[in-house]
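Student: Take a look at the following structure, please.
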Amino acid sequence: MKVSRSSRIAAALAVGAIVLSACGGGSNSSGQQTGNGSGGKLSGNLAGAGSSAQQAAMQAWAAGFQADNPDVTISYDPVGSGGGREQFLSGGVPFAGSDAYLTTDELTKSKSVCAGGTGAIDIPVYVSPIAVAFNLSGVKSLQLSPATIAKIFNDKITKWDDPAIKAENAGVKLPSTAISTVHRSDDSGTTQNFVDYLSKAAGSDWPYPVDDTWAAKGGEGAEGTSGVVAAIKGGEGTIGYADASQVGGLGTAKVKVGSSWVGISASAAAKAAELSKPASGRPSGDLAIDVDRTSSDPSAYPLVLISYQVVCQTYKDKNVAALVKAFETYVASAAGQQAAAKAAGSAPITSAVAAKDLTSIKTIKAAG
């Protein structure tokens with residue numbers, strides 16, 4: 001799916017909280033709930049925080065929601081997945097965007113924030129490839145195997161003309177420029193997905209635990225997706241990882257899948273999500289997914305993130321419950337998914353996933 005470069009740049013440069021007015025009543029053509037459950041129109045403020053990878057999509061979702069809900073204000077602070085989950089679990093915001101699903105401990109903590117002892121659930125709403133993006137004069141595209149990527153980010157390969165890179169890129173004129181890696185400095189679901197990919201696809205070449213905090217030594221840390229992209233653009237010989245929707249004109253690498261080289265695309269990301277399986281041991285209504293990082297299917301791009309909306313199953317406040325339920329219904333709808341795809345180049349969730357999302361969203365309610 002093609003996205004205009006101007007829209008990508010605008011998304012990447014957007015900083016701080018997104019605040020858009022948004023609302024109506026009844027239901028609209030997207031199946032979006034627009035009433036508060038008592039016959040009245042939706043009104044009030046709904047704040048969220050989290051994934052910076054979701055930022056462009058969130059802008060589109062808030063803008064789409066406002067068409068039917070002018071009396072609601074949606075705000076979203078792209079502080080990163082870890083920061084969003086932290087705010088949600090402390091009761092600071094009623095929903096969070098996260099590129100990693102809640103841990104068992106976080107699910108337990110959520111029961112003290114959500115009402116009725118039911119806790120939170122993860123709703124997958126955003127699928128996007130993570131680009132291995134670089135800035136190297138004269139080079140716009142490379143092929144990098146998982147082992148080579150791991151060695152680059154583990155400071156084992158330090159020059160662009162290293163034999164390992166040359167072997168995977170016959171015919172490409174590679175300079176002896178030093179490699180400068182860029183990683184997320186904040187707690188990041190994008191980091192967790194990137195590290196999960198390296199851990200599973202590169203094996204012993206990536207010796208660090210899977211976590212949302214960067215563990216390898218060296219390299220430059222930058223805050224948020226926009227910070228990583230800016231750091232890569234600001235250097236020569238730089239390489240980092242970021243949501244593909246925000247890398248703009250940077251060079252990107254194809255990754256090795258089986259014996260094939262697969263580049264970033266919405267369709268390849270969607271295929272990787274399709275090949276993945278539900279996470280085990282989750283509560284009823286939770287739709288967490290474990291991504292298959294080692295598939296040999298050449299139509300799948302395994303370096304993908306599946307991003308979630310984290311919501312309570314039961315809220316203490318009736319109006320908050322109505323706002324969350326209506327907004328998430330739009331996000332998971334075909335209209336919401338197409339809006340995100342147009343703005344962010346993400347892969348719309350499949351109809352099967354959407355059906356499960358909407359079933360879980362319908363259970364959102366207020367206590368009492």
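The values are calculated or read from the model by the stated rules, or taken from the named source; none is laboratory data. Source: prediction; values computed, not measured. All Cβ positions, glycine included, derive from the backbone under ideal geometry; neighbour counts span all protein chains shown.
Student: State which residue pairs qualify: first residue under 18 Å from residue 191 (Cα atoms) and inside the range 292-315, second residue among the basic types (Lys, Arg) and assigned to a loop (DSSP other than H, G, I, E, B) in any location, beta carbons under 8 Å apart, and separation of 6 or more residues or different chains.
Tutor: 302/293; 303/293
Student: Can you find, within the range 157-197, the residue that is farthest from residue 78 (Cα to Cα) among those that are charged (D, E, K, R) and part of a loop (DSSP other than H, G, I, E, B)? Before the answer, list the steps.
Tutor: Keep residues of the range 157-197 that are charged (D, E, K, R), which gives 159, 161-162, 166, 168, 173, 184, 186-187, 196.
If we keep only those that are part of a loop (DSSP other than H, G, I, E, B) as well, we get 161-162, 168, 173, 186-187.
Details: 161: 37, 162: 37, 168: 36, 173: 38, 186: 11, 187: 12 Å.
Within the range 157-197, the match that is farthest from residue 78 (Cα to Cα) is 173.
Student: Look at residue 67 and say whether it is of a type in the set (A, V, I, L, M, F, W, C) and surrounded by fewer than 16 Cβ atoms within 10 Å (Cβ to Cβ).
Tutor: Spelling it out, residue 67 is indeed of a type in the set (A, V, I, L, M, F, W, C) and surrounded by fewer than 16 Cβ atoms within 10 Å (Cβ to Cβ).
Student: I need the helices (runs of 4 or more DSSP H) fully contained in the range 78-155, keeping only those with at least 2 residues that are in contact (Cβ under 8 Å) with a residue 12 or more places away in the chain and farther than 21 Å from residue 243 by Cα. Talk me through it step by step, then tell me what you get.
Tutor: On the way: elements: 81-89, 104-110, 146-153.
The helices (runs of 4 or more DSSP H) meeting that bar are 81-89, 104-110.
Student: Considering only the range 338-368, state which residues are surrounded by fewer than 19 Cβ atoms within 10 Å (Cβ to Cβ), of a type in the set (Val, Ile, Thr) and at pLDDT 95 or above.
Tutor: 359, 363
Student: Of the residues 287, 275, 323, only one is surrounded by fewer than 23 Cβ atoms within 10 Å (Cβ to Cβ) and either modelled with pLDDT of 95 or more or touching a strand residue (DSSP E or B) at 6+ places or on another chain (Cβ under 9 Å) (or both); which?
Tutor: Working: 275 fails: either modelled with pLDDT of 95 or more or touching a strand residue (DSSP E or B) at 6+ places or on another chain (Cβ under 9 Å) (or both); 323 fails: surrounded by fewer than 23 Cβ atoms within 10 Å (Cβ to Cβ).
When all the criteria are applied, what remains is 287.
Student: Show the residue pairs that are 6+ apart or on different chains and have beta-carbon atoms under 7 Å apart, the first residue being within the range 241-256 and part of a loop (DSSP other than H, G, I, E, B), the second being modelled with pLDDT of 95 or more and surrounded by fewer than 19 Cβ atoms within 10 Å (Cβ to Cβ).
Tutor: Short answer, once both residue conditions are applied: 250/233.
Student: Moving on. Out of all the residues in the range 346-357, which are touching a residue at least 60 places away in the same chain (Cβ under 8 Å) and out of contact with any strand residue (DSSP E or B) (no Cβ under 7 Å at 6 or more places or on another chain)? Give the steps one after another, and end with the answer.
Tutor: From the range 346-357, those touching a residue at least 60 places away in the same chain (Cβ under 8 Å) are 346-350, 353, 356-357; that's our starting set.
If the condition is that a residue be touching a residue at least 60 places away in the same chain (Cβ under 8 Å) and out of contact with any strand residue (DSSP E or B) (no Cβ under 7 Å at 6 or more places or on another chain), then 348, 350, 356 are the ones that fit.
Student: From 242, 231, which residue is assigned by TED's automatic domain parsing to the domain that holds residue 141, touching a helix residue (DSSP H, G or I) at 6+ places or on another chain (Cβ under 6 Å), modelled with pLDDT of 95 or more and not β-branched (Val, Ile, Thr)?
Tutor: Only one candidate qualifies: 242.
Student: Would it be correct to say that residue 53 is outside any helix (DSSP H, G or I), in the same structural domain as residue 338 (by TED's automatic domain parsing) and within 15 Å of residue 126 (Cβ to Cβ)?
Tutor: When the stated conditions are applied, residue 53 passes them.
Student: With the structure loaded, tell me whether residue 330 is of a type outside the set (Val, Ile, Thr), touching a strand residue (DSSP E or B) at 6+ places or on another chain (Cβ under 7 Å), in the same structural domain as residue 54 (by TED's automatic domain parsing) and closer than 17 Å to residue 72 by Cβ or whether it fails that test. Talk me through it step by step, then tell me what you get.
Tutor: Numbers: of a type outside the set (Val, Ile, Thr): yes; touching a strand residue (DSSP E or B) at 6+ places or on another chain (Cβ under 7 Å): no; in the same structural domain as residue 54 (by TED's automatic domain parsing): yes; closer than 17 Å to residue 72 by Cβ: yes.
No; evaluated as a whole, the condition is false for this residue.
Student: Considering only the range 278-332, how many residues are of a type in the set (D, E, K, R), more than 30 Å from residue 368 (Cα to Cα) and within 18 Å of the chain's Cα centre (by Cα)? First the steps, then the outcome.
Tutor: From the range 278-332, those of a type in the set (D, E, K, R) are 282, 286, 290, 292-293, 297, 316-318, 325, 328; that's our starting set.
Among the residues that remain, those that are also more than 30 Å from residue 368 (Cα to Cα) are: 290, 292-293, 297.
From what's left, within 18 Å of the chain's Cα centre (by Cα): 290, 292-293.
The total comes to 3.
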